[in-house]
1. Order these by the 10 Å Cβ neighbour count, fewest first: Leu135, Leu170, Leu20, Leu364.
2. As I understand it, the dipole of the chain uses +1 on the Cβ of Lys and Arg and -1 on the Cβ of Asp and Glu, about the Cα centre. Which of Thr160, Val199, Ile83 lies farthest toward its positive end?
3. List the relative contact order of the chain as a percent without decimals, with contacts defined as Cα pairs under 8 Å and 6+ residues apart.
4. Considering only C-alpha atoms, what is the centroid distance from the stretch 339-393 to the stretch 277-326, in Å?
5. Quick one: check the C-alpha center-to-center distance for the stretch 52-91 versus the stretch 111-181, whole angstrom.
6. Using mean Cβ contacts within 10 Å as the protection proxy, how do 263-276, 182-195 order, highest first?
7. How do Asp200, Asp57, Asp344 line up, fewest other C-beta atoms within 10 Å first?
8. Exposure proxy check: Tyr375, Tyr153, Tyr6 ranked by fewest other beta carbons within 10 Å?
Amino acid sequence: MKKIIYLDNAATTPVDAVVLKKMLPYFSEKYGNPSSIHRLGQETFQAIEESRRQVADFLNCSPEEIYFTGSATESDNLAIWGIIEKIISLGSAKPHLIISAIEHKAVLEICHKLVERKMAELTVLPINEEGLVELTSLEKAIKKNTRLVAVMYANSEIGTVQPIARIGRLIQNINKKRKEPIYFYTDAVQAANYLDCRVDNLGVDGLSFSGHKIYGPKGISAFYLRKGTPITPMIIGGGHEKGLRSGTENVPGIVGLGAAVERIRKSGGDGAQIKKLRDKLITGILRDIPNARFNGSLKERLPNNAHFSFKGAEGESIIMELSQRGICASTGSACASHSLKPSDILLALGLSHEEAHCSVRLTLGKQTKPSDIDYVLEILPGIIERLRKISGR
Ligand code: PLP
C-alpha cells in the first residue's frame, strides 16, 4: 500500500504510543467498575481521579471542576442547554445568549433548538474578513437578559484563533455592574493542542475539549465548569460525575485523555515545529498555484492549519485526487464534509458559494515531515491545473 500522508489532523489525530500504552491495561486487566467498592473497582476509580487531576493541572483549575463526557459534542450541548435550562428553572423568563457565526455545529444546533423551543433568545455575532469576532460587536449585542456567551477558541475549518482572554475580561468587567452574571463558555477542541487553556487566564466559566484531537482516544471529552456555575444535567441516572453526567465511566478513554494532556503539558505542545512546516506549505501554494485564495487570518491562526480556495477546481475532486496519491486532506470540518451544502463558516467569512465549494483544508500534525510538505507542493499545482481545465475555468 502507498504511504499515507495525513494532513487531516483537525478531523482526528492518531493515538500517541505513550497514551495507548497507558490505556491498554484498562481494557482487560483493570476492568473493575469504578463505582464498585472492591479492589478492582477502587483501582479504576483512582485511575479516573488521577486523570481528572491531570486535566485540572492542564487547565489550572480544581479537579472538582472537571467532568468527563462522551464527546465534545456532548460537552458543547451540555454547556449551552444545561446552563440555559438551569437559569430558566431559577426564574429567568427567556435568557438571551450570544454565539459567534463560526461556532461548531455542536454549539450552533443546540442554540437553534433552544430558540425553536422558545427557551432562549439568540444573537449570532458576525465575524470580520479574517474570521475574527470583534469585541465592539459583542459589547453592542449584550442585553439586560444576556446570560451566556459562547465563542469557540479556535475554528476547526479556517483555524482562526479568537481573542478569548479579551472577551473573558470584557465579560468580567460587565459582570461587576450586573446582578445576574453573564457566563462565558468556549469550545477549545481545536485549541487544546496549541494554545494556553488555563481557565483563569481566559476568564471562562466553561471550556471543553476532546481526546481524539490531541493524540488521545475518540469518544471522550473533558468539560470544565467553574464552581458555582448553574447547570442542569442532560443525562441522568446513576449520578456519575457528581450527578452531571450519568453512565458508567469510559475508563480507558478517561485514562487516555489524562495521558494526552500530560503529553501536551510536559512537551509544551508541538506548535513551533508544525508552524514552520505549515508556513512552508502556505508560501509554496501561494507561489506555485495561480489564483489561490488563502482563507482566514495569518496571524491569529492555529499553527497547523492551512486553508485555501482554488476557484475552478471543486474541493471534493481535489480531495479525491490527493487521496489517490496517498494524501489525506479535507474540504471542511469532518462532520460537514459529507454534505454538499457550502460551509456556513466560509460563507460567514464572505466567500462566494463557488469559492466555498472550491476549498481545501490541510491540517498538519506532530507526525508531519518536511518531505510530506515537499510532496504536496510537488503534486497539488498539477491537480488544480488539471481540474480547472476540465471545468473550463
Ligand atoms: N468542536 C469543535 C471545534 C470540533 O472541531 C469538533 C470536532 O470536529 C467538535 C466540537 C466535536 O468533537 P467530538 O468529535 O468529540 O464530538
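None of the figures in this text is laboratory data; all of them are computed from the coordinates on show. What you are looking at is a predicted structure, and each value in this text was computed from that prediction instead of being measured. Ideal geometry is used to build each Cβ from the backbone, glycine not excepted, and the neighbour counts take in all protein chains shown.
1. Leu135, Leu20, Leu170, Leu364
2. So the residue we want is Val199.
3. Details: 748 pairs, mean separation 88.0, N = 393.
The normalised contact order for the chain reaches 22 percent.
4. With the stretch 339-393 and the stretch 277-326 each reduced to a Cα centre, they are spaced 5 Å.
5. What the calculation gives is 18 Å, centre to centre.
6. Peptide ranking by packing, descending: 182-195, 263-276.
7. Values: Asp200 12, Asp57 15, Asp344 18.
The order, fewest Cβ neighbours first, is Asp200, Asp57, Asp344.
8. Working: Tyr375 16, Tyr153 27, Tyr6 19.
Placing the least packed residue first, the sequence is Tyr375, Tyr6, Tyr153.
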